[in-house]
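Novice: Quick one: structure below, then a few questions.
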Amino acid sequence: MPVTKDLSVEMCGVRFPNPICLSSSPVSNTGEMVGRAFDAGFGGVAFKTIGKGDIKIIHPAPRMAGYDYGNKKLVGLQNVEQISDRPLDHNLRDIRYLKKNWPEHVVIASIMGFSNDEWRELAIACQDAGADMLELNFSCPHMTVEGSGMKVGQAFDLVEKFSATVKAAVTIPVLAKMTPNVTDITEPALSAKMGGADGLAAINTVLGLTGVDMKNFIPSPNVGGMGAYSGYSGPAVKPIGLRCVAQMAQHPDLGLPISGMGGIETWIDAVEYLLVGSTTLQITSGVIHYGYRMVEDILEGISYFMEDHGFDHISDFVGKALPNVVSTDHFDLGRQGIAQYDLDRCIGCGQCHVVCQDAGGQCLTWNSATRRPVMDESRCLACMICSFVCPVSKPPMITYKEVPGKPEVMPPPSL
Amino acid sequence: MDLGYTYSQAVAEASRCLLCHEPPCSAGCPANTNPGKFIRQLRMRNLKGAIATMYCNNILAASCGVLCPTCTLCASGCTAQGLDRPIDIGGLQRFLAEHSWEIGFRPIQAAAPNGQKVAIVGSGPAGLMCAAELAQRGFSVTLFERLEKPGGVLRHLLPEHRLSAVFFDREVKMLADLGVEFKCNQTIDGRAGLDELLAQGYGAVYLATGAWEAVRLDLPGADAGGIQGAMGFLARSKREPQVVKAEVKDKQVAVIGGGDTAMDVAVTAQRFGARDVYVLYRRSYAQMPGNPEEKLEVMQEGIHFVMLTQPLGYTSENGRVNGVKVLRTRLGDPDFGGRRRPEAIPGTEHVLPADVVVEAVGLKPGKGLKGFDGLKVDASGRVVVSEAGETDIANVFAGGDAVRGAALISHAIGDGARAGRAIADALLGGE
Ligand SMILES: Cc1cc2nc3c(=O)[nH]c(=O)nc-3n(C[C@H](O)[C@H](O)[C@H](O)COP(=O)(O)OP(=O)(O)OC[C@H]3O[C@@H](n4cnc5c(N)ncnc54)[C@H](O)[C@@H]3O)c2cc1C
Ligand SMILES: Cc1cc2nc3c(=O)[nH]c(=O)nc-3n(C[C@H](O)[C@H](O)[C@H](O)COP(=O)(O)O)c2cc1C
């Protein structure tokens, strides 16, 4: 069958049959659901964040809103869901059920305590239930319980303290799940390491505000007439997730394995996260969009990718893109170029001309008779915005071409 | 043949797909092709996976993408119709196939040889699919084909504008890559030929000889020159196009019949330079069998559809046809098939001038099966088989048009796959 490669990976000494896991969220809410996801092909799960239950959890209604762009549905997803509202006992039974029936699959128990003692007790209870790993939720951005979730993740000393508490209580590996809603994600990551965390998971949702209703001025999701700053996820946040993972993977003092996530839908997204240093991967919004069946295409796609590149193990390419990710001061500014047009394939819409005039270097004039752009290469900024709007793609009609010796281009004064 | 989708067009079309639960498209293919899955795979950018899904059930996925009347098959249940129009499943299928050729991807592989041989008679869709199925199970397969190249109707009858030879060659090459051996210009001649194959150590024989005998109308005056059956006309148009072009150039051509074959004949004549091409049909447009989309395209080519017109005989001069005697009809009550029956309107007889006449009123297995004594056939000459495709003769299976009469490529593919599995079970089961 199409998956011909060994996709197994090891993280913190735990073997995963493949790196694709459900992330902690409604997609990993019950044992029955996760079992079906395992059967569909997922290699592991970060189970829906478990709380002690002493403070009752009630989810706002409705708890999510989709963000569409043009005719594309669910480019992003906004949610105000809380941690699990189920009794602790039910969640622990589900962890046992999963480990009993799918012993080869990895169950990571995501936990959130509201006090130091709760962190310890939850950690021990989940370890006893058979969890292979723990994931400490320092990152839910919209907890209704004050001082929890992302508030912990933004207070670096608490990250270190709770990590240490949990590490002292259990022997299974511990991941700290980080919020992107900080200035520099490597700082709380270092705190987690100081506390003894064995690995990192990121990103949790990005704090966002999806939109405001034009009739009643209420943000979405509209929870009884009000909206809140809350967690944004899905393809729209992938660039942020990739950046956070790469930053942590590159940090010289961190050196912890990473479970990467944020907007993964296709095998290409998955490979990108691996290339910037993730060892395992997690998914929520993609499953909310397509269901568990999506994993089949991710696994097949990774396997075909490995065949194409001659990789035998996923570890052969984890982090392979990192040497190419630099800060801008490393760029060679002597290398300049132009936007190159394959005009034989032009269909004459003129959008390139519009944006070049209004947002580029005004290097394109427009021939109304032929309905084609005419370029003055000496004025091209190589900003490439024309290629972003050009509808002729795959292969693209407008591509960047380096021109050795080309001086950098500046528009002349207007008077 | 017009061009297929580019990559971006295919992605755009695939993203219209609603990724249905229990996709109706996947339940609608006689060849068991699984569009619900391969479109999702394309959408999720798993292109190789999509290609593998497509080819594992259908060795002629590209040709089917071009030729299948999808609006009556996979696309007929497409839920996107609830919003606007069905997904162009055929177009996506064709794109994936062409993409696999472009990147040199081989989605299916032969299994290690199991030491057994199977002979297949006839290299149309049924024979090719049976061969692919068996090669993937380790059988050594030899295809015997009466004509000089493999492909059946697709190679020898379908006009180039419907399916180009270059395109079809690329698809058939996949079979050569599976190690299937082609023996062309080899007619398996009746029962003796069949017994010889079995005696040569072929564990089983699959008869996929098609339906190549044109039904003729047997009208008065039909012995005049210029009157012919559809199969002969189409076969000659492919084999010796220059000769047929000379025959129809600037002429009035009358095509009798209303099915897909009549459409192919009419368009071929038109493109070969006929002055006017008339399709004569005794019922009306809605009753014309055949692919609804194709009918429209043919009409738009400028072919004259002369409906409610019943041919009675031919007029001729110096031994060459110069007209079709016809009569107006009107539609009466539905016949047993559910189509309204044509009734003659007395006193409307007249002659429609025609220099060339092609009768395209049906096909039957006939010819290809001549001399196969002991093979049970029905009244129309179709081979009688069990569900698995077994004939009355031990170790001899049959399928495709030889069994169904004129049907569709997808039916032939489905038959070939079923027979391949049945043959494998029969030959390996005993071990
Ligand atoms: C003009 C025309 C247009 C059509 N258009 C469409 C269409 O658009 N879409 C669609 O789905 N279907 C179409 N069909 C129907 C479709 O082509 C057939 O259903 C299909 O080809 C049947 O496949 P087959 O393998 O049974 O036989 P065929 O394709 O008929 O192949 C049979 C082969 O067996 C060979 N053979 C016969 N006897 C012997 C022998 N004794 N020894 C060796 N070889 C032998 C023949 O030479 C031939 O190559 C069309 C048919 C015709 C005639
Ligand atoms: C509805 C919803 C509920 C979530 N609940 C949790 C949670 O309980 N614990 C947690 O660690 N992350 C939670 N997340 C965050 C996801 O696990 C994940 O980090 C984030 O959505 C980014 O990945 P994605 O783009 O694949 O969705 C939730 C996300 C969504 C959309």
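The values are calculated or read from the model by the stated rules, or taken from the named source; none is laboratory data. This one's a predicted model, so the numbers in the text were calculated from it and none came from an experiment. Cβ atoms come from the backbone with ideal geometry, glycine included; neighbour counts cover every protein chain shown. Heavy atoms of the whole protein, side chains included, go into the accessibility calculation; ligands, DNA and RNA do not. Shrake-Rupley method; radii C 1.70, N 1.55, O 1.52, S 1.80 Å.
Novice: Give or take rounding to whole Å, what are the principal axis extents of the alpha carbon atoms in the stretch A:310-350, in descending order?
Specialist: Principal extents (Cα only, largest first): 46, 31, 16 Å.
Novice: Same structure again: Which ³J(HN,Hα) values, rounded to whole Hz and listed in residue order, are derived for the stretch A:67-79 from phi using the Karplus coefficients 6.51, -1.76 and 1.60 in 6.51 cos²θ - 1.76 cosθ + 1.60 with θ = phi - 60°, glycine and proline given as x?
Specialist: Whole-Hz 3J(HN,Hα) from phi for the stretch A:67-79: 10, 9, 10, x, 8, 8, 8, 6, 5, x, 9, 10, 9.
Novice: By what distance, in whole Å, do the Cα atoms of the stretch A:9-324 stretch along each of the three principal axes, largest value first?
Specialist: Cα spread of the stretch A:9-324 along its principal axes, largest to smallest: 56, 49, 40 Å.
Novice: Now for a different question. Compute the normalised compactness of the stretch A:332-402: alpha-carbon radius of gyration over 2.2 N^0.38 Å, N being the residue count.
Specialist: So the stretch A:332-402 has a normalised radius of gyration of 1.04.
Novice: Within the stretch B:344-388, list the GluC sites (Glu not before Pro) lying in a DSSP loop whose Cβ has at most 14 other Cβ atoms in a 10 Å radius.
Specialist: B:E349, B:E387
Novice: Let me ask something else. Cross-link partners among aspartates and glutamates for B:K295, C-alpha distance below 15 Å, same-chain residues fewer than 8 apart left out?
Specialist: B:D260, B:D264
Novice: Another question, if that's okay. Based on the alpha-carbon gyration tensor of the stretch A:86-135, what equivalent-ellipsoid semi-axes (square roots of 5 times the eigenvalues) come out, in whole Å, largest first?
Specialist: For the stretch A:86-135, the ellipsoid semi-axes come out as 20, 11, 8 Å.
Novice: Work out the P(r) tail for the stretch A:159-271: percent of alpha carbon pairs separated by more than 24 Å, whole number.
Specialist: Across the stretch A:159-271, Cα pairs with separations above 24 Å total 38 percent.
Novice: Sorted from largest to smallest, which semi-axis lengths in Å does the alpha carbon gyration tensor of the protein assembly as shown give for its equivalent ellipsoid, taking the root of 5 times each eigenvalue?
Specialist: Working: eigenvalues 784, 236, 131 Å².
They are 63, 34, 26 Å, listed largest first.
Novice: Considering only DSSP beta bridges whose two residues both sit in the protein assembly as shown, what percent are antiparallel, to the nearest 5?
Specialist: Of the beta bridges lying entirely in the protein assembly as shown, close to 45 percent run antiparallel.
Novice: Which residue fluctuates most in the GNM of chain A (Cα springs below 10 Å): A:D316, A:D342, A:D198?
Specialist: A:D342
Novice: Taking only Cα atoms and a 10 Å spring cutoff, compute GNM fluctuations for chain A and point out the largest among A:G66, A:G241, A:G405.
Specialist: Highest fluctuation among the options: A:G405.
Novice: What does the net charge come to around A:Q336 if you take all other residues with beta carbon closer than 14 Å to its beta carbon, with K and R at +1 and D and E at -1?
Specialist: 0
Novice: If you don't mind, there's one more thing I want to ask. If exposed GluC sites (Glu not before Pro) are those in a DSSP loop with at most 16 other Cβ within 10 Å, what is the longest stretch of chain A that has none? Spell out each step's value before the answer.
Specialist: Values: sites that count: A:E104, A:E146, A:E408.
The reported range is A:147-407.
Novice: Still on this structure, please answer the following. Within 10 Å, count the other beta carbons around each residue, average over each peptide in B:306-314, B:159-167, and list them highest first.
Specialist: My ranking of the peptides, most packed first, is B:306-314, B:159-167.
Novice: Over all Cα pairs of the stretch A:1-135, how is the pair count split among 10 Å bins, expressed in % and running from 0 up to the last occupied bin?
Specialist: 12, 38, 31, 16, 3
Novice: May I pose another question? Students sometimes get this wrong: rank B:T329, A:T210 by accessible area, probe 1.4 Å, all chains present, largest first.
Specialist: My answer, sorted largest first, is A:T210, B:T329.
Novice: Excluding the sites themselves, what is the longest stretch of chain A that contains no chymotrypsin sites (Phe, Trp or Tyr not before Pro) in a DSSP loop with at most 10 other C-beta atoms within 10 Å? Can you show the working numbers first?
Specialist: Details: sites that count: A:F217, A:F331.
That would be A:1-216.
Novice: Can you check how the C-alpha radius of gyration of chain B compares to 2.2 N^0.38 Å, as a plain ratio?
Specialist: For chain B, the normalised Cα radius of gyration comes out at 1.02.
Novice: Return one quarter of the surface area of the convex hull spanned by the alpha-carbon atoms of the stretch B:7-103, equal to its mean projected area, in nm². Kindly include the intermediate steps, with their values, before the conclusion.
Specialist: On the way: hull surface 21.7 nm².
Mean projected area for the stretch B:7-103: 5.4 nm², to one decimal.
Novice: Over the Cα atoms of the stretch B:266-399, how large are the radius of gyration and the largest Cα-Cα distance (Dmax), in Å?
Specialist: 19.5, 57
Novice: Based solely on its DSSP helices, what 222 nm [θ] is calculated for the protein assembly as shown when runs of n ≥ 4 H residues each add -39,500 (n - 2.57) and the sum is averaged over all residues, nearest 500 deg cm²/dmol? Could you put the intermediate results ahead of the total?
Specialist: Working: 28 runs with 279 residues, N = 846.
The per-residue figure over the protein assembly as shown is -9500 deg cm²/dmol.
Novice: Right, here's the next one. What stretch of chain A, leaving out the sites themselves, is the longest with no trypsin sites (Lys or Arg not before Pro) in a DSSP loop having at most 11 other Cβ atoms within 10 Å?
Specialist: A:57-214
Novice: While we're here: If you take every DSSP beta bridge fully contained in chain B, what fraction is antiparallel? Give it as a percent rounded to 5.
Specialist: 40
Novice: Can you give me the relative contact order of the stretch B:7-103 as a percent, contacts being Cα pairs under 8 Å and 6 or more apart?
Specialist: Answer for the stretch B:7-103 is 33 percent.
Novice: Sorted from largest to smallest, which semi-axis lengths in Å does the alpha carbon gyration tensor of the stretch A:73-187 give for its equivalent ellipsoid, taking the root of 5 times each eigenvalue?
Specialist: 24, 18, 14
Novice: Same structure, new question: Using a 1.4 angstrom probe on protein heavy atoms only, which residues from the stretch A:271-315 are buried by at least 20 Å² of accessible area when all chains are present rather than their own chain alone?
Specialist: Correct list: A:Y290, A:R293, A:E296, A:D297, A:E300, A:Y304, A:D308.
Novice: State log₁₀ I(q)/I(0) for the stretch A:26-75 at q = 0.32, 0.33 Å⁻¹ as given by the Debye formula over alpha-carbon point scatterers of equal weight, solvent excluded.
Specialist: -1.10, -1.14
Novice: Over 28 Å, how big is the tail of the calculated P(r) for the stretch B:182-317, in percent of all Cα pairs?
Specialist: 32
Novice: Between their Cα atoms, which of A:K48/A:K193; B:K183/B:K364; A:K151/A:K177; A:K151/A:K238 are more than 18 Å away from each other?
Specialist: Pairs exceeding 18 Å: A:K48/A:K193; B:K183/B:K364; A:K151/A:K238.
Novice: Which distance in Å, rounded to a whole number, links the C-alpha centroids of the stretch A:1-29 and the stretch B:292-353?
Specialist: One Cα centre to the other: 66 Å.
Novice: For peptide B:46-57, compute the average count of partner chain beta-carbon atoms within 10 Å of each residue's beta-carbon. Mind dumping the intermediate values first?
Specialist: Details: counts 14, 3, 8, 11, 3, 1, 4, 2, 0, 0, 2, 0.
So the per-residue partner count for this stretch is 4.
Novice: Under a straight-distance cross-link criterion of Cα-Cα below 20 Å, which lysines are reachable from B:K48, leaving out those fewer than 8 residues away in the same chain?
Specialist: A:K5, A:K394, B:K37, B:K173
Novice: Indicate, rounded to the nearest 5 percent, the antiparallel portion of the DSSP beta bridges found entirely in the stretch A:1-160.
Specialist: 40
Novice: Moving to a separate point now. From the Cα trace of the stretch A:243-345, what convex hull volume per residue do you get, rounded to a whole Å³?
Specialist: So the per-residue Cα hull volume is 171 Å³.
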